[in-house]
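Take a look at the structure below.
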Amino acid sequence: MAAWLAGSSSKLAHSAARRLAGDLRRRGPDPWLLSSSTMPARGQLAGDLRGFCSVRRFAGDSTAATAAEESENEFAGGDLQQVVDFPGGKLSFVGEMNFVPESQRERIKCYRVLDDDGGIIYSSRFQEVGKELALKMYSNMVTLQIMDTIFYEAQRQGRISFYITSNGEEAINIASAAALSADDIVLPQYREPGVLLWRGFTPQEFANQLFGNKMDYGKGRQMPIHYGSNRLNYFTISSPIATQLPQAVGAAYSLKMDKKDACAITYFGDGGTSEGDFHAALNFAAVKEAPMIFFCRNNGWAISTPTTEQFRSDGIVTRGQAYGIRSIRVDGNDTLAVYSAVHTAREMAIAEGRPILIEAMTYRVGHHSTSDDSTKYRPADEIEHWRTARDPISRYRKWVQGNGWWCDAEETELRNSVRQEILQAVQAAERIPKHGLAELFTDVYDQVPSNLHEQQRSLLDIIKKHPSDYPTEVNS
Amino acid sequence: MAAASSLHVAAPAATPRVGSVAHKSASSAARSVRVARSGAVARSGGRLVACAAVATKADAPATDAASKSEGHEVLLFEALREGLMEEMEADPTVCVFGEDVGHYGGSYKVTKGLADKYGDLRVLDTPIAENSFTGMGVGAGMKGLRPVVEGMNMGFLLLAYNQISNNCGMLHYTSGGQFKIPLVIRGPGGVGRQLGAEHSQRLESYFQSIPGLQMVACSTPYNAKGLMKAAIRSENPVVLFEHVLLYNLKEKIPDEEYVCCLEEAEMVRPGEHVTILTYSRMRYHVMQAAKTLVNKGYDPEVIDIRSLKPFDLHTIGNSIKKTHRVLIVEECMRTGGIGASLRSAIIDNFWDYLDAPIMCLSSQDVPTPYAATLEDATVVQPAQIVAAVEQICQ
């Protein structure tokens, strides 16, 4: 590290070395040295915001540079300048070409609370969860799992055209939702129905959207799983990947304007991070100091593309720092870890007015969607392993049962009643009629304009003339 | 048709603003807005709109001739700013996003002074990512704000096409009406003076298919201010097309508050022999040609269509029923331009009234070249317009 000093006069070298040593004590490890940046997973938000976490500040940090400047003035001969200024601030410079390596020696560590047997890892710090909340989370996770099973089956039976499961990501869905408030604005990708479930969307409401019937809040306009609820602060899902990320910045911006005690949260997968919108949204959020959470579900697969072919970085968490965003990697299959991380991130985002990036490691147990057969591109035993041995629900259940809060009898009863409720919802939704043609033309604009009235008249006219060519229910 | 006597219109029947801000209906009711009636009834569906003021036979730009006060002279970019400022003053949910719109004042100075007045949060300088700040506008709109998104040049908004088409235009529909997106997307477009192909785009061609969008093009300081205000107040996403070469047009506009109708065309010069439909900068080429045509004994009726989506088929139809001959003059490329769609709409609706095939003068299907002589050759010139009218009226 002090190699560059070789060849300089020894007196100056000593002074410089002392200054550097002082700097290091102040600043932490040399920016050019390899080290992993770990975030202490603590729940407290100490008053000292800058010293809260070991976020490394590069030499461009103005306080470190000012300190350097001050000690610089102590030099007798002033010709050994170590600081240069450019737009953006002062920089220390070195005579060595030290390329920042493409990856850290060590991958960024993952925050975890529960071990595989449902026991608390002894050194873990986490947000305490009482019995009521714990059970609510558990029963929602079970509901989500059963909902996925039954709706998936319904698609296989031809009763709905399409479905996307969240198998394996129940902890992410429910625990993250549980850590949010009702005022927090959710902008999902499409594998987060659990967040909506947590907020009170009923199985019947889910089923109505899947069948696109008259009771669907989307009025039958979107394909299945494209839920949306303004009432529950859950943005209507839109298929293109990552478009919700910049929109989340806008939603956070509106919260900031209204000075609300709430944040925006947006979910996306590992694949979505390759989109241009990911890059720009993170940059925007950091620059605009948007109170929001970027939640990445790194489940290993983007349809058939594994993460090894999606990016070369150490996952997503490393990218946060590139934009100046505080980030954490968390075990996404660990209910308590996800809960704690989101809880803390939310506090930071709102109190400090900044974005937080969470990368939740998990595995996509199901196929990408009902239009996919993932056994074509990954081994069946890998899927089976994650479906059973690494199931987030059974892992969490062990902890809940270990606390004496749950038992097998209650499990059976819960599963039975949820199953019944969802089956009934499907049957009911199937019977509710679809919208008439009037709804084809409404909501394109706030009021139906004349050209659409015209097109509607023309369509009804054709149907009247050729009724046998059109379904009978369509006449309204 | 001279401007009729003005009416005072009382409380706007605007739909309440979504969001935490109290609706300003009380104060809005107190503001009376001058309305100059044109021949057509305002098709406002209950919203506060002023019909397009109607010009006299002279080719002066449209103004409210019955205006009691003197009015004040502005340049077109100042008129846009006035409109924007009035809306920002009246409604705290109106905000501006764009590159260099803040303290720099915008590359065409439309937002000059706004950041000083309304702060850095309401007039937001964004990093260079059109898809992102448009997306940000969509998200903010869905939560009750009324963002005005500025593209530094319309051509750059091609980067925002995904957000504009897949989300902005669609989300009101796909959410079943739960979320609305009252966005205004605006910026300079059209062929300028040797700005090169990428800075000479006519985005109205590309956007016109998107369901859920409205598109208007301003052409005078009067309609620029009026359309800006109407676009902001609209509950639908509106794209407001400005033209790079029209920002310094000067005109006297009323001191009193007024709003133009988004869906209405503007009668520029009534006539009997031929209906010339045009918009934006081409209006001025047409009016120049009209001088020559009048000298040659022709009486063209010139309509600035202003509303590019939807077309004001009422005004256009009335004109065709009178003249039976149509010439469309546009700056879009031949293929897939506004002219192509307008022609098609006229044929669908007014075929029986036509005595001659519809002529359409457009730019060629080439990227706009840099060299001045070449560039001029791609834009429809008055001489072509004169020749076309002579041909149609044979």
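The values are calculated or read from the model by the stated rules, or taken from the named source; none is laboratory data. A quick note: this is a predicted structure, and the numbers were derived from the prediction, not measured. No Cβ is skipped: glycine too gets one built from the backbone with ideal geometry, and neighbour counts run over all protein chains shown.
For B:Leu249, are the conditions met, namely being away from chain A (no Cβ under 14 Å) and at pLDDT below 95? Judged against the criteria, B:Leu249 is not a match. Considering A:Phe268, A:Phe278, A:Phe206, the condition of being among the hydrophobic types (A, V, I, L, M, F, W, C) and either over 18 Å from the mean Cα position of the chain (by Cα) or within 30 Å of A:Gln420 (Cα to Cα) (or both) is satisfied by A:Phe206 alone. Taking the stretch A:259-303 as the range and being of a type in the set (Val, Ile, Thr), outside any strand (DSSP E or B) and closer than 19 Å to B:Asn162 by Cα as the test, only A:Thr273 passes. Out of B:Val148, B:Val54, one residue alone is in contact with a strand residue (DSSP E or B) (Cβ under 7 Å, 6 or more places away or on another chain) and modelled with pLDDT under 95. It is B:Val54.
Just one of (1) more than 23 Å from A:Glu205 (Cα to Cα); (2) at pLDDT 95 or above; (3) surrounded by fewer than 21 Cβ atoms within 10 Å (Cβ to Cβ) trips up A:Asn230, so point out which. Failed condition: (1).
Of the residues making up the stretch B:196-211, those that are small (Gly, Ala, Ser) and touching a helix residue (DSSP H, G or I) at 6+ places or on another chain (Cβ under 6 Å) number 0. Of everything in the stretch B:231-258, what is within 29 Å of B:Ser200 (Cβ to Cβ), aromatic (Phe, Trp, Tyr) and outside any strand (DSSP E or B)? Give them in sequence order. Residue satisfying the conditions is B:Tyr247 alone. Against the definition (surrounded by 11 or more Cβ atoms within 10 Å (Cβ to Cβ) and at pLDDT below 95), how does A:Glu439 come out, yes or no? It is true that A:Glu439 is surrounded by 11 or more Cβ atoms within 10 Å (Cβ to Cβ) and at pLDDT below 95. When the residues of the stretch A:265-283 are filtered to those that are among the small types (Gly, Ala, Ser) and at the interface with another protein chain (Cβ under 8 Å from one of its Cβ atoms), the one that is farthest from B:Phe133 (Cα to Cα) is A:Gly276. With respect to (1) modelled with pLDDT of 95 or more; (2) surrounded by fewer than 20 Cβ atoms within 10 Å (Cβ to Cβ); (3) basic (Lys, Arg), the lone exception for A:Arg312 is condition (1).
Looking across the stretch B:135-168, just one residue is farther than 19 Å from B:Glu99 by Cα, more than 7 Å from chain A (Cβ to nearest Cβ) and either surrounded by fewer than 24 Cβ atoms within 10 Å (Cβ to Cβ) or among the polar types (S, T, N, Q) (or both), and that is B:Ser165.
Each residue in the stretch A:238-253 was checked for being touching a residue at least 24 places away in the same chain (Cβ under 8 Å) and facing chain B (nearest Cβ under 7 Å), and 7 pass.
In this structure, B:Met85 does not qualify as farther than 25 Å from A:His226 by Cα, away from every other protein chain (no Cβ under 14 Å), assigned to a loop (DSSP other than H, G, I, E, B) and of a type in the set (A, V, I, L, M).
Among the candidates A:Glu96, A:Glu102, A:Glu69, the residue that is more than 23 Å from A:Ser340 (Cβ to Cβ) and at pLDDT below 50 is uniquely A:Glu69. You will find that of A:Arg390, A:Arg431, the residue that is within 28 Å of B:Gly176 (Cα to Cα), surrounded by fewer than 16 Cβ atoms within 10 Å (Cβ to Cβ), modelled with pLDDT of 95 or more and not small (Gly, Ala, Ser) is A:Arg431 and no other. Restricting to the stretch A:396-449, what's the tally of residues that are assigned to a helix (DSSP H, G or I), touching a residue at least 60 places away in the same chain (Cβ under 8 Å) and β-branched (Val, Ile, Thr)? Here the count works out to 4. For the stretch B:257-286, the set of residues classified as charged (D, E, K, R) and farther than 25 Å from B:Gly192 by Cα consists of B:Glu257, B:Glu263, B:Glu264, B:Arg269, B:Glu272, listed by residue number. If you filter the stretch B:354-392 down to residues that are of a type in the set (Val, Ile, Thr) and under 17 Å from B:Gly192 (Cα atoms), you find that the one that is surrounded by the most Cβ atoms within 10 Å (Cβ to Cβ) is B:Thr368. Taking the residues in the stretch B:173-232 that are of a type in the set (Val, Ile, Thr), more than 13 Å from every other protein chain (Cβ to nearest Cβ) and under 26 Å from B:Lys143 (Cα atoms) as candidates, determine which candidate is nearest to the chain's Cα centre (by Cα). So the residue we want is B:Val216. Elements of the type helices (runs of 4 or more DSSP H) sitting completely within the stretch B:111-183 and holding at least 1 residues that are basic (Lys, Arg): these cover B:114-122. In the stretch B:259-377, counting only strands (runs of 3 or more DSSP E) that sit wholly within it, the ones holding 1 or more residues that are over 17 Å from the mean Cα position of the chain (by Cα) and either modelled with pLDDT of 95 or more or under 30 Å from A:Pro449 (Cα atoms) (or both) span B:266-269, B:274-278, B:300-304, B:326-333, B:359-363. For the stretch B:100-128, a residue qualifies if it is within 19 Å of A:Ser254 (Cα to Cα) and either among the β-branched types (Val, Ile, Thr) or crowded, with 16+ Cβ neighbours inside 10 Å (or both), and the qualifying residues are B:Val101, B:Gly102, B:Leu114, B:Ala115, B:Tyr118, B:Arg122, B:Val123, B:Leu124, B:Asp125, B:Thr126. For the stretch A:151-173, the criterion of being under 23 Å from A:Pro291 (Cβ atoms), of a type in the set (Asp, Glu) and over 17 Å from the mean Cα position of the chain (by Cα) is met by no residue. How many residues, within the stretch B:263-283, are out of contact with any Pro (no Cβ under 9 Å at 6 or more places or on another chain) and free of Cβ contacts under 8 Å to residues at least 60 places away in the same chain? Total meeting the criteria: 1.
Against the numbered list (1) more than 7 Å from chain A (Cβ to nearest Cβ); (2) crowded, with 23+ Cβ neighbours inside 10 Å; (3) modelled with pLDDT under 95, B:Ser132 comes up short only at (1). Scanning the stretch A:203-237 for residues that are within 11 Å of chain B (Cβ to nearest Cβ) and acidic (Asp, Glu) gives a single hit, A:Asp216.
Suppose the filter is touching a Cys at 6+ places or on another chain (Cβ under 8 Å) and surrounded by fewer than 21 Cβ atoms within 10 Å (Cβ to Cβ); does B:Arg325 pass it? Criteria not met by B:Arg325. For the stretch A:96-138, give me the residue count where each residue is assigned to a loop (DSSP other than H, G, I, E, B) and surrounded by fewer than 11 Cβ atoms within 10 Å (Cβ to Cβ). Summing the residues that are assigned to a loop (DSSP other than H, G, I, E, B) and surrounded by fewer than 11 Cβ atoms within 10 Å (Cβ to Cβ) in the stretch A:96-138 gives 12.
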